[in-house]
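Presented below is the structure to which this report refers.
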Amino acid sequence: MSAYEFAWDLIASQRRRHPDDTPEALLTRFRQDQVIIGPRFRIASPDTPLKANEDIWFYRTPAPETPVPYSCETVYEDDNLLVVNKPPFLATMPRGKHITQTATVQMRRATGNGELSPAHRLDRLTSGILVFTKNRKVRGAYQSLFAERKVTKTYHAIARFRDDLTGNTLWRDHMIKTPGDIQGHIVPGPPNAETLLVDVTELSAQETAQLQQLHDVTTPLARYTLQPHTGRTHQLRLHMWAAGVPILGDPAYPTILPEEEEDFRVPMHLTAYQLTFCDPISNTPRCFTVE
């Protein structure tokens, strides 16, 4: 198979493809030396034969995306880190159908720093503290910090108020989520997902009234402070749903809502409120918080 045939098969088989990403556009990439063959990194021509265990690199043209009407706000910055308050609806990094409308792309463009890379990930619908590393030299140290669960994460979730749910309650369950499925599930088995319900605080009458009007609900509302001890996909959303208090604005629990009906004015109310850790470079305590 030639380099052109292989590359075009990749482009044509995408579920979401930019209408301008045509065979002629691919040939233009070849003419501009934008298609690379590995592992020896040589420039490919359209008729270059591909051999077993060789890689091919080229940039695909992202499909059109609906612009997210929010931007990341800088919370803290030094030589190694850029900490932002990520808005809802903005994915952390390019993946699937979300390429340009991501925090990583937005902040790389804003800073002009192509090495900017997230040290961890927030779900697209979750807002709050997101930590970026600013250069390759320190990236591994901070990413390992999160991978090894050496970071204390505190979240705020807004949901229906239940006075029988109290702080200092530990939720432990076995969760599964199949790639491609929208919902995860709690099933019998040894616990692999652990969340501490730290506190439950009923919202003020004013805040409750505003959110009730926005989401067309009538129930009393509360702020639930949560600390995940593990990092399962949709863990906090599933645990809140299982406790009988699905997060306000959640489009997957309990009912799956079509993404095409997504309304940027009506977010899911789950916020990464605070991150604390010992800095692996300076060995000093760090604490980042958003309101």
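Where a number appears in this text, it was derived from the coordinates with a stated rule and is not lab data. Bear in mind the structure is a predicted one, so any value in this text is a computation, not a measurement. Every residue, glycine among them, receives a Cβ derived from its backbone with ideal geometry; neighbour counts consider all protein chains shown.
Summing charges over all other residues whose Cβ lies under 11 Å from the Cβ of Ile36, with Lys and Arg as +1 and Asp and Glu as -1, gives 0.
For the chain, the percent of C-alpha pairs falling in each 5 Å distance bin, counted from 0 to the bin holding the largest distance, reads 1, 5, 10, 13, 14, 14, 13, 11, 8, 5, 3, 2, 1, 0. Taking other residues whose beta carbon is less than 10 angstrom from the beta carbon of Arg95, and scoring Lys, Arg as +1 and Asp, Glu as -1, yields +3. In whole angstrom, region 3-57 maps to an equivalent ellipsoid with semi-axes of 20, 13, 9, each derived as √(5λ) from the alpha carbon gyration tensor and ordered largest first.
Applying the criteria of a DSSP loop state and at most 12 other Cβ atoms within 10 Å to the trypsin sites (Lys or Arg not before Pro) of region 94-159 yields Arg149, Lys150.
When only Cα pairs under 8 Å and 6 or more residues apart are kept, what is the percent relative contact order across region 3-57? Result for region 3-57 is 40 percent. Report summary: the helix-based calculation at 222 nm, which adds -39500 (n - 2.57) for every DSSP H run with n ≥ 4 and divides by the residues of the chain, gives -6000 deg cm²/dmol. At R0 = 22 Å, how high is the FRET efficiency between Glu24 and Ser45 if r is their beta carbon distance? Nearest 0.05 is fine. Rounded to the nearest 0.05, the efficiency is 0.90.
Sorted ascending by nearby beta carbons within 10 Å, beginning with the fewest, Thr178, Thr219 become Thr178, Thr219.
What FRET efficiency do you get for Arg265 and Val198 if R0 is 22 Å and r is their Cβ-Cβ distance, rounded to the nearest 0.05? Once rounded, the FRET efficiency stands at 0.15.
When the pairs Lys51/Lys134; Lys137/Lys177; Lys86/Lys134 are compared against a 25 Å limit on Cα-Cα distance, Lys51/Lys134; Lys137/Lys177 fall above it. A crude spin-label estimate for the pair Asp33 and Asp216, with each label 7 Å from Cα along the Cβ direction, gives 5.8 nm. Close amide H pairs (under 5 Å, H built 1.01 Å from N) link Leu221 with Phe161, Leu203, residues at least 5 positions away or on another chain. Where the eigenvalues come from the Cα gyration tensor of region 82-171, what are the semi-axes √(5λ) of the equivalent ellipsoid, largest first, in whole Å? Ellipsoid semi-axes (Å, largest first): 29, 18, 10.
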